[in-house]
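Have a look at the structure below before the remarks.
Readers should treat all values here as calculations from the given coordinates under stated rules, not as data from a laboratory. As the structure is a computational prediction, the values presented were derived from the model and not from experiment. Glycine also receives a Cβ, built like all others from the backbone with ideal geometry; neighbour counts cover every protein chain displayed.
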Amino acid sequence: MRTLEEKISHAETRIFKAVFPNTTNHYDTLFGGTTLHLMDEVAFITATRFSRLKMVTVSSDKVDFTHPIPGGTLVELIGRVEHVGNTSLKVRVELFVEQMYSEDRHRAVSGLFTFVAIDEQKRPVRILGTDTAAV
């Protein structure tokens with residue numbers, strides 16, 4: 001059986017995307033809504049890989065857009081479990097923007113997403129057994 005730290009490490013999720021014109025606004029930067037969609041998707045995958053349960057998003061907290069994401073760049077989204085409770089967990093998602101034809105890379109967006117594990121009747125269920133401590 002894996003330790004909590006091993007489960008968290010194993011659940012880390014990384015996805016790369018290209019920023020194509022159909023995802024940009026009139027400023028030729030990635031739409032904010034598209035960014036949030038990608039981040040929530042990575043957070044969901046991370047939460048599911050950690051818990052192996054049905055997970056639903058219940059909130060997103062403090063999403064900081066610190067740099068624009070221009071069209072014609074690459075983005076890497078990294079999801080990491082940051083906190084595990086009884087029926088919920090928090091996933092930090094960071095989005096890094098890279099130039100396609102140079103080594104330039106920096107963090108552009110960061111946010112925290114909270115998920116709850118649910119059963120078939122959509123009621124909250126325990127994520128971890130009683131023998132595993134929360135972080």
| Where does the stretch 49-135 land on the Kirkwood hydrodynamic radius, alpha-carbon pairs, in angstrom? | 14.7
| request: Two decimals is fine: what is log10 I(q)/I(0) at q = 0.29 Å⁻¹ for the stretch 29-69, from a Debye sum with one equal scatterer on every Cα and no solvent? | output: -1.05
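If contacts are Cα pairs under 8 angstrom and at least 6 residues apart, what is the relative contact order of the stretch 1-112 in percent? Each step should come with its number before you reach the end.
On the way: 205 pairs, mean separation 33.7, N = 112.
About 30 percent, as a whole number.
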| Principal axis dimensions, largest first and in whole angstrom, of the stretch 1-111 by Cα | 46, 28, 21
| Could you give me the ³J(HN,Hα) list for the stretch 91-106, computed from phi with Karplus coefficients 6.51, -1.76, 1.60 and θ = phi - 60°, whole Hz, x at Gly and Pro? | 10, 8, 10, 10, 10, 10, 10, 10, 6, 5, 10, 8, 8, 4, 8, 7
| Karplus couplings for the stretch 70-85 from phi (6.51 cos²θ - 1.76 cosθ + 1.60, θ = phi - 60°), rounded to Hz, Gly and Pro as x? | x, x, x, 10, 10, 10, 10, 10, 10, x, 9, 5, 10, 8, 10, x
| Counting Lys +1, Arg +1, Asp -1, Glu -1, what net charge surrounds His106 among other residues with beta carbon under 14 Å of its beta carbon? | -4
| Exposure proxy order (Cβ contacts within 10 Å, fewest to most) of Val56, Val93 | Val56, Val93
| task | Collect residues whose amide H, placed 1.01 Å from N in the peptide plane, falls under 5 Å from the amide H of Thr87; neighbours closer than 5 in sequence don't count. | result | Ile127
| 3J(HN,Hα) from dihedral phi, the stretch 26-41, Karplus parametrisation 6.51/-1.76/1.60, rounded to Hz, x for glycine, proline | 6, 9, 6, 10, 4, 4, x, x, 5, 4, 5, 4, 4, 5, 5, 5
